[in-house]
């Protein structure tokens, strides 16, 4: 392939990806607005029209904002690549009197800094304008800035050593460096799984033991029935930042924890909390987590092999805006290949999003069935409807948009399946 042909392919892929994102967002907006006035009949008895309209308006606001963000992100990507900004950064770091490995790490940091600076206004607007407008935001500016500083610190402590290791392997481990880099990447992911519940998460939130009561008794009986051992049941102060509610498992091996947002505990009845936890437990018992880790491992290995091949191709660099007189230097610097690869990969993999979404929705249906078998399908339906209402999740998503993006099934389909799994009154 020639550099000009790859440049055309890249620009076309960028245009198609942006066009597809904008088209999907426009479809979502039109569909949600068309069904905004009245709550769908299956939910009319539980969610009033005012809450339904709020969810519609919240969805539309997020989609419109996302369209602006997509446009800016695309412009920044083109400036970094075809616009020559990355080429300038290569020249700037090449002139530094530091070891080559340090220059590459600094290059990656510079690209990350640009991306972070561009994303900051969007993060602020999303938190203090959109979430605030719809009554969800409880984050103060001090908390937001503190989270930002902590996030940068965690990224530096964890990310910089990984960057040094991968770049060193790219320079020193020979033709099959990508195999060793993959091993390092998987070890890094395992380390994060181990550290997250006890080291990383407590930097951002306070975790306290789930207090005694009906909810804890139900949860402990559920865990015993399913043979699941956790290192503890915890409540997270999610209300410190948002009115949204959730529950999740975290950790690895014996370090697994069950975590509930305090907002969820305040909203749901004990049997509904049990049903939500049964759903999350289903993901573990059905090995969904393991399956996703395996798929992620296979995919990351394939991507690293692709990077190893592209890093040897001059057209890869020249086609992405690296000046002809800089290509030879760029090909001697693994950090350049890694930076370019990370920048352009989302453009070429965006079309795979529906496959990942479909795989995730299949797991959600399976976890719902597990919850229906080990708790109450009716209680899970009641919990889901409350959560959809509290989180202002639309009940009427566009089918095409949902199929492309949504990791969870549409509300109507999910509730209908769960209702079919619930025992009839005659059987109770």
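Observations on the model:
- Helical runs assigned H by DSSP (4 residues or longer) give the chain a calculated mean residue ellipticity at 222 nm of -23000 deg cm²/dmol, each run adding -39500 (n - 2.57) before division by the residue total.
- Helix 100-125 vs. the chain, principal-axis angle (Cα, 0 to 90°, nearest 10): 40 degrees
- Taking the C-alpha atoms only, the angle from helix 377-390 to the longest principal axis of the chain is near 60 degrees.
- Each of the peptides 236-246, 34-44, 314-324 was scored by the mean count of other Cβ atoms within 10 Å over its residues; in descending order, highest first, they stand as 314-324, 236-246, 34-44.
- Distance cut-off 23 Å, percentage of C-alpha pairs in the range 266-372 lying past it: 52 percent
- Using alpha-carbon coordinates, inclination of helix 85-94 to the longest axis of the chain, degrees: 60 degrees
- Gyration tensor (Cα) of the range 1-109, equivalent ellipsoid semi-axes in angstrom: 46, 18, 10
- Cβ-based exposure ranking for 154, 8, 32, in which fewest neighbours within 10 Å come first: 8, 154, 32
- Counting neighbouring Cβ atoms within 10 Å and putting the fewest first, the residues 141, 195 line up as 141, 195.
- Volume in Å³ per residue [convex hull over Cα atoms, computed for the range 316-428]: 145 Å³
- Share antiparallel - DSSP beta bridges, the chain, percent rounded to 5: 65 percent
- A simple spin-label model places the labels of residue 46 and residue 229 3.6 nm from each other, with each point 7 Å out along Cα-to-Cβ.
- Whole-angstrom gap from the range 397-414 to the range 96-163, using each part's C-alpha centre: 30 Å
- Percent RCO, i.e. relative contact order, over the chain, from Cα pairs under 8 Å lying at least 6 residues apart: 24 percent
- Extents of the range 187-271, taken as max minus min of Cα coordinates on every principal axis and listed largest first, are 39, 34, 17 Å.
- Virtual spin-label span in nm between residue 156 and residue 297, 7 Å along Cα→Cβ: 3.3 nm
- Compared with the rule-of-thumb size 2.2 N^0.38 Å for a compact globular protein, the chain has a Cα radius of gyration ratio of 1.09.
Coordinate-derived values only; no laboratory data. Just so it is clear, the structure is predicted and the values come from calculations on it, not from any experiment. Here Cβ is always computed from backbone atoms with ideal geometry, including for glycine, and neighbour counts include all displayed protein chains.
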